[in-house]
Amino acid sequence: MATVVERERKYSGDEGFRLPDLAGCGGVETVSDATALDLDAVYWDTADLRLARSGFALRRRTGGHDAGWHLKVGAAGGARTEYQFPAGPDDQEPPAELTALYRAAARGAAVAPAARVRTRRRERRLLDPDGRTLAEVAEDSVESEDLVSGVRQAWHEIEVELVEGDEALLDAVADRLRTAGADPVPVSKSHRALRARLAQARPAAPDPAVAPVLDYLADQRDALIGNHPGALAGDEDAVHDMRVAVRRLRSTLRTFRGLWDRAESERVRAELSWLGGRLGRVRDVQVMSARLADAVHAEPAELVLGPVPARLAERFAAELAAALDGAHAALGSDRYTDLLRRLDALVEGPPAREPRPGWVARRVRRAVTRFDERLDAALAGGDDDALHEARKAGKRARYAVEVREPVVGTPAAKLVNRFKDLQDVLGAHQDSVVTRQVLREQALRAYADGENTFTYGLLHARQAGAAERELLALPRARDRARRRKARRWLKR
């Protein structure tokens, strides 16, 4: 299976549109002659179009240089990851390799042909002075058919896809195309083909009083699903982003818990905790492995006694393999897809109650107040566990403020940033606590094996010193987050 990152922009042009000369755009020296291609793609989806609604597009395409099964992940107009798998002449179903990647988006449901898109393409390459292909520009005459409703459409479209060029080239080409009369198109061909049914599947707009909460919850659910393919492959950024989405979901369900049936929302929170635990094991090992590798590398060679780098690498390789096995099992389980369906019901269904005016704002203030109280208590006691609990309360407060950011704007965004700064300090302190625990365990293993433990003790001491420095920085970060000007809007 090949994986590529697709960076393209789309534009519409009527039958009278003529592609302008693109020489001189962003380093383009010449434009190649056009190559004609006939492309025929059948897009697959669930009965309720969950793939398309989640930003996924699954197709089997004939024609062109990359014919076969394709799975695209991401919104049109931005960077999209495309997974490509060759198709045999008798293939009747998507390959298992792709099925695993879109399983979350499909919520475990079966997929079937949903739309057919035929494209007559004239493709040109934009070349720099050295003959390198910077981008490809395609003029497409498109005919589509919704294979369920029978709705047919036809349109003209221009695609500009980067090859070795950059975003500045896309911007320059965009300016020239717009001057020639082309308009940006924000959706993919498959979305246009399914437009009518997608509109019918769209959930009803929520009550404006609770819309910020439900919109935030929907965004985090979509982030969770969008990062599923990357997390399944063990990509560090995808695992991190998926884990953060889980945290935001759990926090939002807790902060605004009165909106939903309490028993059901708590069940979903518990299942999110289970999923977060599986993802967290992967991410924690990845972070700790890199953290300690950097710490050992920073020490002078004469202070690294014994096979410290090798022992740490062995430990984390084994732990990462076990953690990845656990994450893969979770992401491929019926329990996971059942969680997603339950989450959909909370996000898209009507709230269990109609809150009074100002209820969301009061819940945000309450989350911030609880963080203040826990942090003050932790600073007074100086206990590591209390500081860790304050850190978790700080995340809940920050996520609560993020809910109101689209409504409040800049003041909320500034407070979010100050909470981030404060959490960075608390997080660095907690990292030192966990790192010291790992170093102590590793030193005990080394001692039992008759190896030198000096370096583990040295690193432990350095981590203790780092924790003390973070504690000294904490009051200043707290005071910045509590300035009256930064919080004045919370009273609205």
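Tabulated data for the structure shown
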{"read-out": "Given (1) farther than 25 Å from residue 309 by Cα; (2) of a type in the set (Val, Ile, Thr); (3) in contact with a helix residue (DSSP H, G or I) (Cβ under 9 Å, 6 or more places away or on another chain), index of the condition residue 410 fails", "value": "(3)"}
{"read-out": "Per-region count, the range 185-240, residues small (Gly, Ala, Ser), under 20 Å from residue 105 (Cβ atoms) and in contact with a strand residue (DSSP E or B) (Cβ under 8 Å, 6 or more places away or on another chain)", "value": "5"}
{"read-out": "Filter pass, residue 430 being free of Cβ contacts under 8 Å to residues at least 12 places away in the same chain, within 17 Å of residue 289 (Cα to Cα) and in a helix (DSSP H, G or I)", "value": "no"}
{"read-out": "Residue among 486, 481 that alone is touching a Lys or Arg at 6+ places or on another chain (Cβ under 7 Å), surrounded by 21 or more Cβ atoms within 10 Å (Cβ to Cβ) and within 30 Å of residue 357 (Cβ to Cβ)", "value": "481"}
{"read-out": "Residue check, residue 53 within 17 Å of the chain's Cα centre (by Cα), touching a residue at least 12 places away in the same chain (Cβ under 8 Å), in the same structural domain as residue 173 (by TED's automatic domain parsing) and buried (at least 16 other Cβ atoms within 10 Å of the Cβ)", "value": "yes"}
{"read-out": "Hits in the range 96-131 - residues which are of a type outside the set (Lys, Arg) and part of a strand (DSSP E or B)", "value": "112, 113, 114, 115, 117, 119, 123, 126, 127"}
{"read-out": "Meets criteria (surrounded by 15 or more Cβ atoms within 10 Å (Cβ to Cβ) and without any contact (Cβ under 8 Å) to a residue 40 or more places away in the chain) for residue 294", "value": "no"}
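The values are calculated or read from the model by the stated rules, or taken from the named source; none is laboratory data. What you see is a predicted model, and the numbers here were worked out from it, not measured in a lab. Neighbour counts are summed over all protein chains in view; Cβ atoms, including those assigned to glycine, are modelled from backbone coordinates with ideal geometry.
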